[in-house]
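Computed from the coordinates by the stated procedures, all read-outs in this text should not be read as laboratory data. Predicted model, so just to flag it, every value in this text is computed and none were measured. Here the Cβ is made from the backbone with ideal geometry for all residues, glycine too, and neighbour counts use every protein chain on show.
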């Protein structure tokens, strides 16, 4: 491996438009926004057939997280000392090492290069890195296990 094999450069495929302008923690279910694909990279054929799916998975970048807010160790989620201190990879906070977010949202409409979505937990201006259709066969098989504090944190999220 050469030295350059360690760096990865990603070009946004589009941007979130509308919805929230501030990265608030809860009540994302009522948020409707659009994802505008970059017309310099894509034609509408890139979205052909996507409207047959009810949900999409969106990979995006937390573009407003400054370097000094990136976390590489453990912390109490949302600063709550009544929840256990857990490592950054045991939570879904925005201060991640590569500032990557991923979410599943409802796909309401596809029109040209614009997707209308609901419940995407990303804010206006967020760079979108990839979009995939949600297929039941890719969802977890069997029971999903998670600690009690994570159920508490998600109680008001959607």
Choice from 84, 127, 12 showing the highest fluctuation, given a GNM over the chain with Cα pairs closer than 10 Å: 84
For region 47-105 and region 126-158, distance of Cα centres in Å: 11
Gaussian network model of the chain, springs between alpha carbon atoms under 10 Å - residue of 133, 66, 97 with greatest fluctuation: 66
Nearest-0.05 FRET efficiency for residue 73 and residue 135, computed from C-beta distance (R0 35 Å): 0.50
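Beyond 28 Å, how much of the Cα-Cα pair distribution for the chain remains, as a whole percent?
Working: 3420 of 12403 pairs.
Cα-Cα pairs of the chain separated by over 28 Å account for 28 percent.
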Relative contact order (%) - region 6-158, alpha-carbon pairs under 8 angstrom, separation at least six: 38
Dimensions in Å of region 83-158 - Rg and Dmax from alpha carbons: 15.0, 46
Per-residue Cβ neighbour rank within 10 angstrom, fewest leading, 137, 152: 137, 152
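When a footprinting reagent is the concern and you count Cβ atoms within 10 Å, what order do 21, 131, 88 take, fewest first?
Values: 21 9, 131 20, 88 16.
In order of increasing Cβ crowding within 10 Å: 21, 88, 131.
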Residue with peak Gaussian network fluctuation, the chain [Cα springs, cutoff 10 Å], from 67, 130, 121: 67
Per-residue Cβ neighbour rank within 10 angstrom, fewest leading, 6, 76: 6, 76
Set of region 97-138 residues, backbone N closer than 17 Å to the point 7 Å along the Cα-Cβ line of residue 24: 118-125
Ellipticity estimate at 222 nm from DSSP helix runs (n ≥ 4, -39,500 (n - 2.57)) divided over the chain, nearest 500: -1000 deg cm²/dmol
